[in-house]
Each structure stands twice: as C-alpha cells, then as structure tokens.
Amino acid sequence: MIKTRQDMITVQERYGQALQRAKARFVVCAGPGCVASGSLQVYEALVQELKERNLHTTVDCLLEAEGQRDGVITVNSGCQGFCQLGPLVRVEPEGILYTKVKADGDDVREIVDAMEAHTVVTHLCYHDPRTHAIMPTEQEIPFYKHQTRVALANCGIVDPEDIRSYMQRGGYQGLATALELAPEEVLGKILQANLRGRGGGGFPAGRKWAIAAAQKTDHKYMICNGDEGDPGAFMDRSIMEGDPHSVIEGMLIAGYAIGASEGYIYVRAEYPLAVQRLRQTIDDATKHGLAGKNILGSDFSFVIHVKEGAGAFVCGEESALIASIEGDRGMSRPKPPFPAVSGLWGKPTVINNVETLANVAQILVKGVDWFRSIGTEDSPGTKTFALTGEVENTGLIEVPMGKTLKDIVFTIGGGIRDGRQLKGVQIGGPSGGCLTESHLEIIVDFDSLKEVGAMMGSGGMVVMDENTCVVEVARFFMNFIQHESCGKCTFCREGTLQMLQILQRIVDGHGEVEDLDLLIEIGEAVQLGSLCGLGKSAPNPVLSTLANFRDEYLAHVVDKRCPAGVCHNLRRLVISEEKCRSCWLCVKVCPVNAISGSRKEPYKINQEKCIKCDACLTVCRFGAIEEVY
Amino acid sequence: MNTTVLGTEEAEASFDLGFLNEVLAKTGTSTAALIPILQAVQEKCRYLPEEAIIHVAAALGLSVATVYGVATFYAQFSLEPKGKYVIKICDGTACHVRGSIPVYEALRKRVNLEDGRSTTENRMYTVETVACLGACVLAPVITINDQVYGHMTADAINIIIDTLGQEGTEHD
C-alpha cells in the first residue's frame, strides 16, 4: 500500500538497489512486431539457458535479504522501437542492443557467454549499412540517437506488468505532486505547458480541462481515447502495452484537475493485449492505493473502467466515442455543446488521447519549463510516429516537435529502401495529407503541417517510393473513409461515396480530365459541410495528392497510364518480338480474338480489343508477353 | 483474448439462454452494457444468433431494432456464423502499399470464396480485411484467430492454408 510520496521513494530505491545487485538485466522486446518475429520464444530460450547455468533470478529474489545475488533478471518489455530488426534483446546495464535474435541456434548461448565474459556478440549488433561500423549500444545507433523520448520514456525499459518497475522510474510521483497542489494549480501547469492533443487536432489539453473544471455539477468523466484507428499507426498501442501505468497516472491527474471521479479507457478491440494490460494495471494501482478510493490517503477518489471498442473507426471521434460507451451506434453529433460541457450521459467529459496523457505526469515532475524547452514555441514537447512503408528503418519513434521531415525520413529512417527515390510521405493517415520531396525541409509540428494541407493526425507516417501510385493510395483512403463513415450527415455519407466512385473510375482507366475538378469541388464541399472531424478531414488525402501530384492524375486520365506501374487496368500487354516463338498458344486462349499473326512472324496484341484478362500472360511458356505501364 | 476454436455445430448448439443470463448477471442490464453483452455472445457463438438479439433487447428494455442497429454498426459483430478459422488481412496503409491486396485475392481464391461472401460454404474459413492491426512493420500482416503472421505473400498464405487444412481434418 502506497500512502505517501515517501512510500513511493522507498519502493523506488529498493527496486533500484535490487537491479544494481543483479549481474545483468535482459530486456526482451515483446512489442507486436517482435512478438510476431518470435521474441517470446527467444525469452523462453534465454530463461532456460540462464537456469541451466544457475544464473537466473528475479527482482523478488534479489529484494529478499537471503535471495540470490548476482543473478540475471529477464523482462518482457513493451516496444523498444526498432521493430525492423526484431526480435530485440537489450542487455543492461551496458545497454547493448542485440538484433534479429533467434531462439534456435547459437544466439542465446552466445549472448549469455558474452554477458559473463563482459564482451559483445558483434554479429548480433547493429551494423551501419553505409560505414559497416558495428554499433553495440542504442546511443550510437542513428535510429535512436536522434530521438527524444518523453511519452515513450519508459516504453521498452520497464516491466509493464510490475508496478514497482514503473515506480523505480519515478512513476506516480507526478500524481503525488498533483495531489499536493490545488486542482486549479495542476490545471494551470498543463495550460502553461501548452500540451496539445496528440490525437491529431492539436487542441490544447489544458483548455479542454479548464472548460470541464469550470462546470458546476455532481459528476464529471475523464476518458482516455485509445481507439487508435488510423491505418498505419501503432503509437498508442505501444504505450498502452509497454507503459500502461503512465496512461493511468495521466488520467488520475486529469481527473483530479477537472474534478472527475470516474474514468473510461476506450480501447480498440483489435488490441487484446492492451485491454488485458490496462485491466491488470488498474487492479494493481487500486491495490496499491493509487487508484480507487482516497488515493494516497487524500480525499480524491477515482475509478477507471476499460471499454473495448467493437470495430468502428469513427469512434475515435469524441462524440461518437461517447455514443459508443453509452451503448449506442457510434455516430457523431453536432458540436457545441462540446463534451467538456455536456458529454457522457450529459455530464462534462474530457477526452484525451493516450499519448497526451502519457506526457502529463512528467510535466508535473520535471516542470513546465522543462517541457517547453523541448519542441517549438507553439508546439512544445515531442511527438511519436509510426514510421513505416518503404523506409529503411521502420519502427516506433519519438522526436521533438520541429524536426524536419528530412531528419525523420533520412536521418532516423535511414532513407528509402534499396536506394530508390522518395515519392511522398503520407502523414496523418486518412485525415492527413501527402507531402512530397519539396516538403523535406518543412518542420514537423501541428501548425506547419496544416499550412501545407497535411495534419499531424495521430502520427502515422507512411513513406512511399516511386513504385507507389498516389492516385491508388488516394482511392485506398477514400475507400476506407467511405466504409467507415457513420452515415449520419449527407456530405460525408454521399460526398465520400461520389469521390470514391470517381477515383475508382480513374484507376480503372475510365477517368476524364473534368473528373479532377469535380473531385476538388466535392472535396471542398465535404470539408465544409461534414458534421465531425472524420468527414471534415476525409478529402485531405485526395486534395493534397491532387495539389502535389497533378501530373500523375493527368497521366491516368489523359494518357491512360499509371507511371508507378500499380493500376492493373492501365497497363498494356505486348508481345516481345525476340521472345515470341509464334507457338499459337496465346491466340488459342484469347477470349476476344485480340491476338493476330502467323507462324512466320511474331504475334501482336490489338490493344483496342484486349480486355487485360491475362490469359495469354499465364499460358505463354517463353515469357514473351510483357506488361507495359 | 480467448482463441479457443469451437466446431461450428458445437457453437450453434451451445447457444443457450443460460449463457446469456450468466453474461447479464455480470454486466447488468443498463444500456451501456449492450455492447459488452453482444461482444460476449459474439465471442462464444462467433456470431449473433437472432434469438440472442431478441432476448438481449427484452432484457435491456430496448427495441429489437435498436439492438439490431448496434449489431450491424460495428465491424466486430456478425449476423452469420463465422468460420472455424477467422483470417483477417490487414489493409492498413503500410500493408496496402506493401501488397496486402494480392495476398487477400490469393487467399480468397485458395479457399474458394464466392464473390460477396466472407465465409466458406463448409464454415471452415472466414476471410476479412481490417483497417489496421497495428503491426505495420511486419507489413503485409494477417491474423488467423488472433495469431499474427507477418511479411505475408501469396505463396506463404497457400502454405499456411495447407497446414491449417491438415490440422482441421485431424481435429474433426
């Protein structure tokens, strides 16, 4: 039971001492990427190897006076970030990072050998692809070196299932600080820090809190939005799985500041581990007196429930999320009144995103000035991104606001895969926009992204190379949004459908030049007329690609050509004169008699007749049928 | 998450009001409990039987239309029994640009899914696309009954289906 700040410090110190008594700590990444590449098996193999050498120990064992000294602790951590090279194993205290560790073979034995001999297994270390230098520790690796971790400060380091591990990192001291202050003072700090909503819009969290705090009512709610539905984003998932206590602590502080006594965490159903972890975290915090009744012996009580979503993207929108918690169809409603005035069951409700809440405790512990010293004047702090797509180093990253796009894609991301050309960066998912090479120098913060027609979104960053067709990507996003539109307002329901049909026509090769202006006209109407953020931002990918890649659209509608070689219906099938042996097989299978020729000369495909059914392509034994884009 | 797979016949036979009453006892009968109740039924039966919808409506004092409205709004709920193996193909942005659709098409072809259907005749496989599974670095990703498979290709999916097919016959 934790009753005072001193109790926390005692846990922190004892746990820290236990860690120091250990010979080493093996932190095996159990983020989604590493698990899928087999990290749980690596963990089992490491434990097995250590046990055979009589080296395995636990924190509990080290905490006991008679416990085994000098053993090795093993931990399954949350995402360590460099998913590309998983499964990852970090050896502490040295901070040596082993990549692509395999459970079978010699890797595990070599890691334990090296730990005992105080050496490094070089072939498992990161090799710089350009200089071929071996970089054993995280601090040396460019992917990590240029990051600043605030929201992810503990992710990949703490044991997410052990509350003491979180306390060892200073956890819950932000809550203790908050409870020593008056609610208005806590609110004041968050306002001064100018912590802006990391869920996409960038609305200052403190202003939301202030509105809710000002409401005089018997009951208020604090909701954590963990409905991370953006395709291509997994930041919130990583925090909820890898450092769930930071989210709970943030909620508790927010609840205290606004005068709420009940909170909900709304999590996507697709994240079963996050749901399980959060439930356990809430239980643990409650058992330790850090949640529930009379927290830290104060008058403040706060209960937290976990609500599983049921698979609807629109529920990431505040009013739809509230409808969903109330047991209804997740449909948005007109604002005002804003949820902070009238939200869940008509009561004042603050909804903050997972990452926003993960910043809160640290602002209280380290101070407003510290927070404002990171990032830009109007967007202080950091932002996490899920860096994916055709970039060399994919993974979970966190950078100070104000880094340039170039820093992110090239310095941290290591550039485009296989030395290909950068074409665009889709930032902010289906609500965001597509940036081009000419935007590489812009700084990434809430306002400068808006200026170029993109938006921060929740932080998905998908890098596209020359082999990606932006028209097809725009169609893909529109298809997603159209499917996920709740159907309440006409502009979103009908407008997105019309836009999708036009885009489908274009990628199918039936587009016309006028379609491009029509897309802009409908897009602007949808932006203006939709009820909620989903609809208002839905046309962004189309409008931004139209602005930045008009030539590519024109190639589709005028030349009926897909320069990236993606749109299936826009290719031509031709017969290579050199390879064709005039065997007649293709002529036989062509259902529309589009192929002509005689025994002596190579065959030809009549493009006007060809329906691109690929029958000839499949049947040709000489590879003479070629696809030309 | 529970990944136990029931045989379809077993699932259909196992829907009884006793189960529903147990769920109701846990969740209560407030409107806010509707989605958790439907989730429990969906997990147990792998779909929402008509009988269950009518019963839940009565228990919560809602119209059948309201419950039906909620059941059809969310992607998680299905009004038809799902297959023994539910295969979700991630079609999030990262997976999409790295080729999820060819995998999807290869899979549909492999399990002989007719156009417009997502579950095979023999209720062995359900094939769906999902927006994002949050494992973008492994793109393209699929899950089979919540087990994750990364870096999927059309060839790989065929091998996986072969293996599942063998397991399926062993169990039956």
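Remarks
- Relative contact order (%) - region A:470-557, alpha-carbon pairs under 8 angstrom, separation at least six: 38
- Projected-area mean, the protein assembly as shown, by convex hull of Cα positions, square nanometres: 36.6
- The base-10 log of I(q)/I(0) for region A:501-626, evaluated at q = 0.22 Å⁻¹, reads -1.16 [Debye formula, identical scatterers on Cα atoms, solvent excluded].
- Average Cα contact separation per residue, chain A, under 8 Å, 6 or more apart, as relative contact order %: 11
- A cut-off under 13 angstrom between Cβ atoms defines the neighbours of B:Val70, and their net charge, with Lys, Arg +1 and Asp, Glu -1, is -1.
- Coupling constants for region A:560-569 follow from the phi torsions by the Karplus curve (6.51 cos²θ - 1.76 cosθ + 1.60, θ = phi - 60°), and in residue order they are 6, 9, 10, x, 7, x, 10, 5, 4, 7 Hz; glycine and proline get x.
- A cut-off of 5 Å between modelled amide H atoms, ignoring neighbours fewer than 5 places along the same chain, links A:Ile223 with A:Tyr264, A:Val350, A:Ile351, A:Asn352.
- Neighbour-count ranking [beta-carbon atoms within 10 angstrom, fewest first] of A:Thr74, B:Thr27, A:Thr382: B:Thr27, A:Thr74, A:Thr382
- Inter-chain Cβ neighbour count for B:137-143, averaged per residue, equals 6 (cutoff 10 Å, partner chain atoms only).
- Long pairs among A:Lys604/B:Lys109; A:Lys102/B:Lys109; A:Lys100/B:Lys88; B:Lys44/B:Lys84; A:Lys208/A:Lys307; A:Lys383/A:Lys406, criterion Cα-Cα beyond 24 Å: A:Lys604/B:Lys109; A:Lys102/B:Lys109; A:Lys100/B:Lys88
- Each part gets one Cα centre, and for region A:471-501 versus region A:258-276 those centres are 29 Å apart.
- Extending 7 Å from Cα along the Cβ direction at A:Lys450 and again at A:Ala117 yields two label points whose distance is 5.9 nm.
- Förster radius 60 Å - calculated FRET efficiency between A:Asn54 and B:Phe19 (Cβ-Cβ, nearest 0.05): 0.75
- Rounded to the nearest whole angstrom, the semi-axes of the ellipsoid equivalent to region A:571-628, taken from the Cα gyration tensor as √(5λ), stand at 15, 12, 11, largest first.
- In percent, rounded to a whole number, the relative contact order of chain B is 20, using alpha-carbon pairs under 8 Å and six or more apart.
- Along chain B, longest interval not containing exposed GluC sites (Glu not before Pro), exposed being DSSP loop plus at most 13 other Cβ atoms within 10 Å: B:1-113
- Between region A:571-599 and region A:282-344, the C-alpha centres lie 64 angstrom from each other.
- For region B:67-91 and region A:137-179, distance of Cα centres in Å: 37
- Per-residue shielding of B:120-133, expressed as the average number of other chain Cβ atoms within 10 Å of the residue Cβ, stands at 3.
- Cα-based reach from A:Lys588 at 20 Å (exclusive), listing aspartates and glutamates while leaving out same-chain residues under 8 positions away: A:Glu577, A:Glu601, A:Glu608, A:Asp614, A:Glu626, A:Glu627
Readers should treat all values here as calculations from the given coordinates under stated rules, not as data from a laboratory. Fair warning: this is a prediction, and the values are worked out from it, not measured in the lab. No Cβ is skipped: glycine too gets one built from the backbone with ideal geometry, and neighbour counts run over all protein chains shown.
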